[in-house]
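One structure is given below, encoded as structure tokens.
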Amino acid sequence: MSKEPPKYKYVPDELWTTPDLKDIDAKKVVDLLLAALADEILAFHQYMLTAYAIKGPNSEEISEVFKKIAMDELNDHFTRIAERLQDFNVDIPDFRDFWSLSRCKQPPLPSDPYDIDAWLKAAIEAEECAIAYYREIYDYVKDRDVRTEELIEHILSDEIEHYTLFKNLLSKGKLKS
Ligand SMILES: [Fe+2]
Ligand SMILES: [Fe+2]
């Protein structure tokens, strides 16, 4: 058995703060953002996995939607949260920590690749959790950390869009041959 490498220390002993933070605990903001960052990479993983797993008459079209949304989670959300964490001098977590950091984790994934509705429902569940969690972060940072507030507002509106897109595909997934 090979020895696991030591973990990279991604949170410094002392965080950087900026004058725009008002009566807010920077450590708590960092913790909330690290959990969101983990949720984003797990969502990216879930949707890419789904895009390649699903089979059936409508799978190609639905697969493309999953891939597109996966890219939003990674290139937009994950990257923007990582940028904000840099303002606190916090880096990307060790990959082994992503699961424990994540708030939403991943819902159980279906075993039947032809049951596209079940895959869509898992995605809807992931988006519902993301929306609830981003609302929580928004409430915490509102008027006290404007840059994070703006970031969360942007992501939240995307997650609502993803939720709607997946919901609208539900009936299409049902068409089985
Ligand atoms: Fe996201
Ligand atoms: Fe999303």
Inset, instruction - Using the charge dipole of the stretch 44-98 (Lys, Arg: +1 at Cβ; Asp, Glu: -1 at Cβ; taken about the Cα centre), state which of Asn58, Thr79, Ile69 has its Cα farthest towards the positive end. - result: Asn58
Inset, instruction - Mind putting a number on the dipole of the stretch 26-174 about its Cα centre? Charges go on the C-beta only, +1 for Lys and Arg and -1 for Asp and Glu, and I need it in Debye to the nearest 20. - result: 280
Inset, instruction - Using the Karplus curve 6.51 cos²θ - 1.76 cosθ + 1.60 with θ = phi - 60°, work out ³J(HN,Hα) for each residue of the stretch 22-35 in order, rounded to whole Hz, and write x for Gly and Pro. - result: 10, 6, 9, 7, 4, 4, 5, 4, 4, 4, 5, 6, 5, 5
Inset, instruction - Run the quick spin-label model on Val146 and Tyr10: label points 7 Å from Cα toward the beta carbon, then report their separation in nm to one decimal. - result: 2.9
Legend entry - DSSP-assigned coil residues among trypsin sites (Lys or Arg not before Pro) in the stretch 3-85, each with at most 16 further Cβ atoms within 10 Å: Lys3, Lys7, Lys9, Lys22, Lys55
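Using only alpha carbons, build the gyration tensor for the stretch 33-104 and give me the equivalent ellipsoid semi-axes, biggest first, whole Å.
Working: eigenvalues 151, 31, 10 Å².
Equivalent ellipsoid of the stretch 33-104: 27, 12, 7 Å, largest first.
Please give me the summed charge of the neighbours of Ile124: other residues whose Cβ is under 12 Å from its Cβ, Lys and Arg +1, Asp and Glu -1.
That works out to -3.
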Inset, instruction - Divide, for the chain, the radius of gyration over alpha carbons by 2.2 N^0.38 Å, where N is the residue count. - result: 1.13
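Here, each number is a calculation from the coordinates, and none is a lab measurement. Predicted model, so just to flag it, every value in this text is computed and none were measured. A quick note on method: Cβ atoms are made from the backbone with ideal geometry, for glycine too, and the neighbour counts reach across all protein chains shown.
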